[in-house]
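Each remark here refers to the structure printed beneath this line.
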Amino acid sequence: NPRKYTGIVEDCCCDYETVDSLNGEVLHPLLQELVTTPFFRYFKVKLWCDCPFWPDDGMCRLRDCSVCECPENEFPEPFKKPFQHGLSSDDLICQEGKPQAAVDRTIDSKAFRGWAEIDNPWTNDDETDNAEMTYVNLQLNPERYTGYVGPSARRIWDAVYTENCPKYPSGEFCQEKRVLYKLISGLHSSISIHIAADYLLDESTNLWGQNLELMYDRVLRFPDRVRNLYFTYLFVLRAVTKAADYLEQAEYDTGNPTEDLKTQSLMRQLVYHPKLRAACPLPFDEAKLWQGGSGPELKQQIQKQFKNISALMDCVGCEKCRLWGKLQVLGLGTALKILFSVDGKDKLEQHLQLQHNEVIALTNLLNRLSESVRFVHEMGPAAERVMEVS
Ligand code: FAD
């Protein structure tokens, strides 16, 4: 029998059934429309691979083919542990040579006004650093299977987990570290689900479709990974609802008044939706964190770890994966900033300052997570049945 997720999502305030119905009926349709608006479909990003952990070994010199490989002897000492084996010649295949891995840069510039230019303390990228930045139309570059596999991809995930958010040993009670691990794991689940939902089934005929086996193998057969996905969704949803007044009042100016009014209206419907307010008014309770004596130091430590994760996105050796990796980590960093880095709990909108790129990342991340939750809810039971039969 397919697994059924019931009860309250761990460390959150809403149950699985509520999340599924709220997502399916209200949030997912609104988000799908919101991310197609001109404001939300262009993301400013530095796609040039500038990996801070890989010394300048000449491997990143081709802008459109930046695999970021590095020989093991040049790999920083702390990252070596998980990689006992050397790289095989297969790993040196230019991932970006695959058409599905390259970013389509059609219509790559757009002007925006009226947003703060303040560094995010949780992330590595600085939007004000305009050199090498480009605008990318996210609608032309869906997150899907790209063929980026093998040690290059594995090395990033291993570095993220081993160095930055080690799986909390059972029994250790540090809710804050657990939150960081679960956010990363939830994001990882979501990426895997998007790969499975939009997979190149037959290269010779260019046939794309769902790969339920892959969805099962990478996510569904690990209930923790599914739970972490729901957790991450609720965490980001909480950030969006906490910043509701700010997001509702923000200017979504792209020079197209009709479209911009629509964007504002969709955002208002999303953040103030009566069903959301009634069914899940507090998706995650951030006030419970950082209460212990070591709260401030712990926050600094976790902030540093998250910044490292953000910096690791420059080492992702597939351009489209790097685009979505950077966007989603910036989205998580923005959620962390909204929930943990703004003083004056009662008057958040007076203290909060967001870059337009942060809002774009936050909203697109919420949409990606919302899509993944929908896939798991709708396709999960079928995928589990298929796997049980085979
Ligand atoms: P991986 O997904 O690489 O997982 C590595 C290990 O991490 C697993 O063996 C397991 O031990 C652990 N793990 C896996 N999932 C979880 C989880 N949810 N929680 C906790 N631990 C987990 N490929 C694409 O085709 N398209 C993309 O858009 C894309 N984007 C990427 C973005 C980033 C930032 C990175 C680092 C990689 C991306 N990839 C993408 C590659 C993809 O994520 C996989 O690495 C690749 O498909 C190989 O998968 P795998 O089966 O080896 O396991």
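Quick notes
- Charge dipole (the range 233-382, unit charges on Cβ, about Cα centre) - positive-most of Gly331, Pro381, Pro257: Pro381
- Averaged over residues, the count of other Cβ atoms within 10 Å places the peptides 227-240, 15-28, 176-189 in the sequence 227-240, 176-189, 15-28, highest first.
- Carbon and sulfur %, accessible surface of the range 220-379 computed with the full protein complex present, 1.4 Å: 47 percent
- For the range 250-275 versus the range 188-212, the gap between their alpha-carbon centres in whole angstrom: 32 Å
- Value of Rg to Rh for the range 251-377 (Rh from inverse mean 1/r over Cα pairs, i.e. Kirkwood): 0.99
- Linear extension gain, Gln353 paired with Thr6, 0.36 nm per residue minus alpha-carbon span: 121.2 nm
- Solvent exposure of the range 252-366 as accessible area per residue, Å², 1.4 Å probe: 39 Å²
- Tensor-based shape of the range 235-306 (alpha-carbon gyration tensor, a/c under 1.5 rounded, otherwise prolate or oblate): oblate
- Among the protein heavy atoms, those of Lys288 account for about 120 Å² of accessible surface (1.4 Å probe, every chain in place).
- Taking 0.36 nm per residue of separation and subtracting the current Cα-Cα distance, fully stretching the chain between Gln210 and Arg154 would add 17.9 nm.
- Note on Lys288 and Val386: the extension gain reaches 31.2 nm, defined as 0.36 nm multiplied by sequence separation minus the Cα-Cα distance.
- Shape analysis of the range 198-256 places it in the oblate category; the axes a ≥ b ≥ c from the Cα gyration tensor give an a/c of at least 1.5, with a/b not above b/c.
- Trp208 long-range amide H proximity, modeled H, under 5 Å: Leu201
- 3J(HN,Hα) from dihedral phi, the range 240-245, Karplus parametrisation 6.51/-1.76/1.60, rounded to Hz, x for glycine, proline: 5, 6, 5, 8, 3, 5
- The range 173-312: C-alpha gyration tensor shape, a/c 1.5 cut-off, then a/b vs b/c: oblate
The values are calculated or read from the model by the stated rules, or taken from the named source; none is laboratory data. No experiment lies behind these values; they were computed from the predicted model shown. All Cβ positions, even for glycine, are placed from backbone atoms using ideal geometry, and neighbour counts span all protein chains on display. All accessible areas refer to the heavy atoms of the entire protein, side chains included, with ligands and DNA or RNA removed. Shrake-Rupley method; radii C 1.70, N 1.55, O 1.52, S 1.80 Å.
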